[in-house]
Amino acid sequence: MQSPARAPINAPINWPAALMLAFTSLPIVTVLPWYLWAHHVSAAAWIFSALLLASNGMSITAGYHRLWGHRAYAAHPALKWLYAIFGAMAVQNSILIWATAHRVHHRHVDDVDHDPYSAKRGFWFSHIGWMLRDYPSSRPDFARVPDLLEDKVVMAQHRHYLWFVLGTNFGIPISLGFLFNDIWGFVLIAGFLRLVVSHHFTFFINSLAHAWGRQPFTGLNTARDNDFLALFTWGEGYHNYHHLFQWDYRNGVRWWQFDPTKWLIASCAWLGLARDLKRVPDFKIQRARVARQFERAREALASSRPHSRLLTLQTQLENEWTQFSETVAHWTQLQSEKLSDAKLQMQDKWEHSELRQRLQVLAIERALRVQRRRVQSLRRSLMAECVPV
Ligand SMILES: [Zn+2]
Ligand SMILES: [Zn+2]
């Protein structure tokens with residue numbers, strides 16, 4: 001069994017990261033407030049800062065995370081280069097190191113010894129503490145990421161990472177400052193403030209997105225879905241979904257959920273810059289949501305003393321479970337039929353059979369959605385009837 005949160009104080013300080021975080025944060029609490037009070041900052045400085053913030057943030061979420069971390073789609077080299085340049089500007093390490101660590105995070109999520117930013121080691125650790133010391137859990141094992149080692153853009157950025165960082169963080173704000181005749185405004189707002197805000201927006205995904213929100217898909221780890229957090233993290237606030245279906249190019253899976261990263265990837269696909277976008281079939285999403293409702297209902301039952309009303313609800317729950325198991329079995333059977341029907345592809349029968357199967361899958365997905373709502377209200381009734389043991 002894993003030990004609870006531990007305070008690893010023996011690891012040596014990671015000076016480059018610690019100094020970089022201190023150097024970029026200090027002007028925000030010292031020089032910037034004074035400058036804003038004493039000087040006028042041009043509108044251009046604010047507008048370009050926002051644009052740079054978005055391009056840095058989404059180079060991390062669409063590029064570092066969903067493309068290289070999870071292979072959720074394939075990208076044209078031009079798009080990869082944009083991600084590599086503006087991602088380096090976010091100063092969160094090279095793609096190679098970032099994506100390697102992130103894959104470990106998914107493989108060992110919450111493990112206090114192996115997850116590089118385990119939420120079980122506390123909020124501070126998962127937010128920023130993990131970067132301040134050279135913990136063994138952060139040491140990358142590149143032998144496990146051969147696909148990244150073969151990616152020319154990843155390796156070029158990794159080899160020249162420092163130049164990418166310095167060139168973008170000093171070059172872009174200073175050049176724009178010259179252009180708009182507001183050098184200090186650009187250096188402070190588009191340089192320092194943009195970088196610090198960009199840092200903490202991303203860090204929230206490791207800290208808040210593992211602590212605050214709901215768990216509609218899985219209770220097996222600390223990841224949470226949080227609509228409010230999605231606003232600041234370019235759509236990565238739907239982290240509970242993401243930890244269950246990490247290869248999906250979407251995190252906010254419903255069309256209305258605020259996930260600008262998925263809209264960016266879909267737009268790039270439309271422009272021919274991205275392809276092979278991976279989507280989890282709706283059936284699997286609905287199955288996970290219904291199974292989660294059952295899990296929570298059973299937890300409520302286990303925490304209560306039995307009484308007659310509760311036993312009635314329990315019987316209803318068991319009936320729902322039987323129906324759920326039958327639906328899942330029906331879907332599994334359809335999948336195996338689909339496989340054997342693939343052999344009939346050359347025959348006329350095939351098209352008709354595929355249409356029939358597609359309609360059946362749609363009906364199953366609809367039935368699961370309806371059942372989820374039923375089980376959800378059953379769970380609420382159960383919780384209302386609970387008498388603590
Ligand atoms: Zn996570
Ligand atoms: Zn991820």
*Under the Karplus relation 6.51 cos²θ - 1.76 cosθ + 1.60, θ = phi - 60°, what is the ordered set of whole-Hz ³J(HN,Hα) values for region 213-228, x standing for Gly and Pro?*
x, 9, 10, x, 10, 8, x, 7, 9, 7, 5, 10, 9, 8, 4, 5
*Output ³J(HN,Hα) for region 270-282: one whole-Hz value per residue in order, computed from phi by the Karplus curve 6.51 cos²θ - 1.76 cosθ + 1.60 with θ = phi - 60°, and x for Gly and Pro.*
5, 7, x, 9, 9, 8, 6, 5, 8, 10, 6, x, 4
*What is the packing order of peptides 172-184, 234-246, 90-102, 311-323, taking the mean over residues of other C-beta atoms within 10 Å and listing the highest first?*
234-246, 90-102, 172-184, 311-323
*the chain - charge dipole about Cα centre, Lys and Arg +1 at Cβ, Asp and Glu -1, debye rounded to 20*: 700 debye
*Just need the relative contact order of region 282-385 here, percent rounded to a whole number, with Cα pairs under 8 Å and 6+ apart.*
58 percent
*Could you pull out every one of the aspartates and glutamates with an alpha carbon less than 14 Å from that of residue 262, ignoring same-chain neighbours closer than 8 positions?*
236, 248, 276
*asked:* With just the Cα atoms defining each centre, how far is region 215-252 from region 47-68? Give it in Å.
replied: 18 Å
*How high is the FRET efficiency between residue 10 and residue 231 when r is their beta carbon distance and R₀ equals 41 Å, given to the nearest 0.05?*
0.60
_Alpha-carbon Rg/Rh ratio, for region 97-158, with Rh computed the Kirkwood way_ = 1.02
_What Kirkwood Rh does region 282-385 have if only Cα atoms enter the pairwise 1/r average? Answer in Å._
15.4 Å
*Take the alpha-carbon centre of region 90-152, take the same for region 158-197, and report the distance between them in whole Å.*
26 Å
*Evaluate the distance, in nm, between pseudo-label points positioned 7 Å from the Cα of residue 142 and of residue 160 along their respective Cα→Cβ axes.*
1.7 nm
*Against the longest principal axis of the chain, how steep is helix 15-29, in degrees 0 to 90 to the nearest 10, with axes from Cα atoms?*
80 degrees
*Among 324, 303, 336, whose Cα lies farthest out toward the positive end of the dipole of region 282-385, if unit charges sit on the beta carbon of Lys, Arg (+1) and Asp, Glu (-1)?*
303
_From phi via Karplus (6.51, -1.76, 1.60), per-residue ³J(HN,Hα) for region 373-388 in Hz, x at Gly/Pro_ = 5, 5, 5, 4, 6, 5, 4, 5, 4, 4, 5, 5, 8, 5, 10, x
*Could you grab the relative contact order for the chain? Cα pairs under 8 Å, six or more apart, rounded to a whole percent.*
17 percent
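Read-outs: derived from the displayed coordinates by stated rules, not from any lab. These numbers were taken from a predicted model, which means no experiment stands behind them. Cβ: placed from backbone, ideal geometry, glycine included. Neighbour counts: every protein chain shown.
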